[in-house]
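We did not get these values from a lab; they are worked out from the coordinates using the rules stated. What you see is a predicted model, and the numbers here were worked out from it, not measured in a lab. Heads up, the Cβs are rebuilt from the backbone with ideal geometry, glycines too, and the neighbour counts pull from every protein chain shown.
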Amino acid sequence: MASAPSPDLWDGGWHRDAMRLPSPNHGPRPVDAKQSVDLVVVHSISLPPGHYGTGAVQQLFTNTLDWEAHPYFQQIRGLQVSAHFFIERSGRLWQFVDCDQRAWHAGQSAYRGRTNCNDDSIGIELEGLEGHRFESAQYLTLAALCHALAERYPLRYLAGHEHVAPGRKQDPGPGFDWHKLAELLTQSTLELPSQVTPR
């Protein structure tokens, strides 16, 4: 059971410390899933791959990306996706979808005995590339965000996109330090993949 959320942190399902940029790519959670948002799914993204601070991720999630701006964009042309949150390399936090709503981040997926993880999860994208390292500021923001989310939702699990869609997705990948995140979440009861514990 989540504790009462701090009124200073939340405006409904919007985090007050995040840059708010609403995405049209969302929908209502199924009625039976609204009270069981117990999973955080961590992703990684950069557009073009390996390029940071371009603003293209924000454009992708708001359907404003110029598909002609880079050759890679032809591979994802017309894609309509979103995540609840995006954390830049600097640790800056963006929010695109109200956490009470269903973002389009996990796709075909299954975890903790349930399918369709979008229905009852929160999606968090980290600016980065599969196999590459992430910045300390990103881990700090991610950990603080998880704590804030746990105040509002009955969170129990934290996993990577690679864990909810194995074989189809590989992010955030081997460059993501799950042990470092576990150390920052020592006061949390969140269950990490493969029972990761602090070193």
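Within the stretch 1-109, the percentage of alpha carbon pairs spaced more than 25 angstrom apart rounds to 25%. The residue among Y111, L185, A148 whose Cα reaches farthest toward the positive pole of the charge dipole of the chain, with charges on the beta-carbon of Lys, Arg, Asp and Glu, is Y111.
Is the C-alpha gyration tensor of the stretch 78-149 telling us rounded, prolate or oblate? Criteria: a/c under 1.5 is rounded; beyond that, a/b larger than b/c is prolate, otherwise oblate. Since a/c reaches 1.5 and a/b is larger than b/c, the shape of the stretch 78-149 is classed as prolate. Our summary gives the chain a relative contact order of 28 percent, counting only alpha carbon pairs under 8 angstrom and 6 or more residues apart.
Convex hull over the alpha-carbon atoms of the chain: what's its volume per residue in Å³?
115 Å³
Phi angles across the stretch 59-76 convert, under the Karplus curve 6.51 cos²θ - 1.76 cosθ + 1.60 with θ = phi - 60°, into 3J(HN,Hα) values of 5, 4, 6, 10, 6, 10, 5, 7, 5, 8, 6, 8, x, 4, 5, 5, 6, 10 Hz, Gly and Pro given as x. Evaluated over the Cα positions of the stretch 103-142, the convex hull gives a direction-averaged projected area, one quarter of its surface, of 3.8 nm².
Dividing the alpha-carbon radius of gyration of the stretch 147-186 by the rule-of-thumb value 2.2 N^0.38 Å gives 1.34. Return the FRET efficiency for the residue pair W67, Q108: r is the Cβ-Cβ distance, R0 is 22 Å, and the value is rounded to the nearest 0.05. Step by step, r from the Cβ atoms, then E = 0.35. A Förster radius of 22 Å, combined with the Cβ-Cβ distance separating L79 from H51, puts the computed FRET efficiency at roughly 0.80. Kindly work out what percent of the DSSP beta bridges joining two residues of the stretch 44-199 are antiparallel, to the nearest 5. Around 40 percent antiparallel, to the nearest 5.
Helical runs assigned H by DSSP (4 residues or longer) give the chain a calculated mean residue ellipticity at 222 nm of -4500 deg cm²/dmol, each run adding -39500 (n - 2.57) before division by the residue total.
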